[in-house]
Amino acid sequence: MENPLILKSSFNRPNIYYEVRFKDLITDPYVDLTDLIKSCGDVCGIVYCLERATCDDLASDLSKNGISCTGLNSKLRTSVLDDWISAKTQVVVATVAFGYGLLLSLQ
């Protein structure tokens with residue numbers, strides 16, 4: 001490889017709030033997450049889950065509790081991302097694979 005282009009960037013994003021909650025320490029993680037999202041007001045967010053089935057279950061639960069939420073599958077990826085960026089959807093519940101192309105899609 002001759003003269004490679006090397007790009008470096010910080011992971012720090014001052015406009016993004018990160019919070020990790022350990023579900024083993026929480027009595028009911030779904031209720032806790034619902035309360036957290038409602039307490040944040042009209043902001044958008046992404047909830048990452050390890051498994052697709054958990055994403056579907058959590059998205060359904062959040063929707064039942066009045067939170068504009070969409071799970072993500074490959075067929076809907078583009079439309080869900082567009083809805084999230086335009087604030088039509090408040091919360092996206094997805095596996096970490098969703099985030100891999102997110103920065104590229106937002107640019």
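The values are calculated or read from the model by the stated rules, or taken from the named source; none is laboratory data. Here the structure is a predicted model, which means the values were calculated and not measured. Every residue, glycine as well, gets a Cβ built from its backbone with ideal geometry; the counts of neighbours run over all protein chains shown.
With the requirement that a residue be of a type in the set (Phe, Trp, Tyr) and surrounded by 10 or more Cβ atoms within 10 Å (Cβ to Cβ), what does region 1-39 give you? Quick ask: steps written out before the conclusion?
Step one: filter region 1-39 for residues of a type in the set (Phe, Trp, Tyr), giving 11, 17-18, 22, 30.
Tyr30, the sole residue that qualifies.
Of all residues being among the hydroxyl-bearing types (Ser, Thr, Tyr), assigned to a helix (DSSP H, G or I) and closer than 21 Å to Leu81 by Cβ in region 1-60, which is modelled with the highest pLDDT? Just the residue, please. Give the steps one after another, and end with the answer.
The initial filter retains those residues of region 1-60 that are among the hydroxyl-bearing types (Ser, Thr, Tyr), namely 9-10, 17-18, 27, 30, 34, 39, 48, 54, 60.
Checking which are assigned to a helix (DSSP H, G or I) leaves us with 30, 34, 39, 54, 60.
Subset that is closer than 21 Å to Leu81 by Cβ: 54, 60.
Numbers: Thr54: 89, Ser60: 92.
Selected residue: Ser60.
Scan region 48-64 and report the pairs whose first residue is without any contact (Cβ under 8 Å) to a residue 60 or more places away in the chain and whose second residue is exposed (fewer than 14 other Cβ atoms within 10 Å of the Cβ) and assigned to a loop (DSSP other than H, G, I, E, B), with Cβ atoms within less than 6 Å and a gap of 6+ or a chain change.
These pairs meet every condition: Tyr48/Val96.
Do you know which residues across region 2-43 are closer than 14 Å to Leu58 by Cβ and either in contact with an Asp or Glu (Cβ under 6 Å, 6 or more places away or on another chain) or touching a residue at least 40 places away in the same chain (Cβ under 8 Å) (or both)?
Matches in region 2-43: Ile26, Tyr30, Ile37.
So which residues in region 12-61 are under 14 Å from Ala94 (Cα atoms), of a type in the set (A, V, I, L, M) and more than 13 Å from the chain's Cα centre (by Cα)?
Of everything in region 12-61, just one residue is under 14 Å from Ala94 (Cα atoms), of a type in the set (A, V, I, L, M) and more than 13 Å from the chain's Cα centre (by Cα), namely Ala53.
Within region 68-91, can you find the residues that are surrounded by 18 or more Cβ atoms within 10 Å (Cβ to Cβ), in a loop (DSSP other than H, G, I, E, B) and not hydroxyl-bearing (Ser, Thr, Tyr)?
Initial filter on region 68-91 (surrounded by 18 or more Cβ atoms within 10 Å (Cβ to Cβ)): 69-72, 80-81, 84, 89-91.
If we keep only those that are in a loop (DSSP other than H, G, I, E, B) as well, we get 72, 89-90.
Scanning region 68-91 gives Leu72, Gln90.
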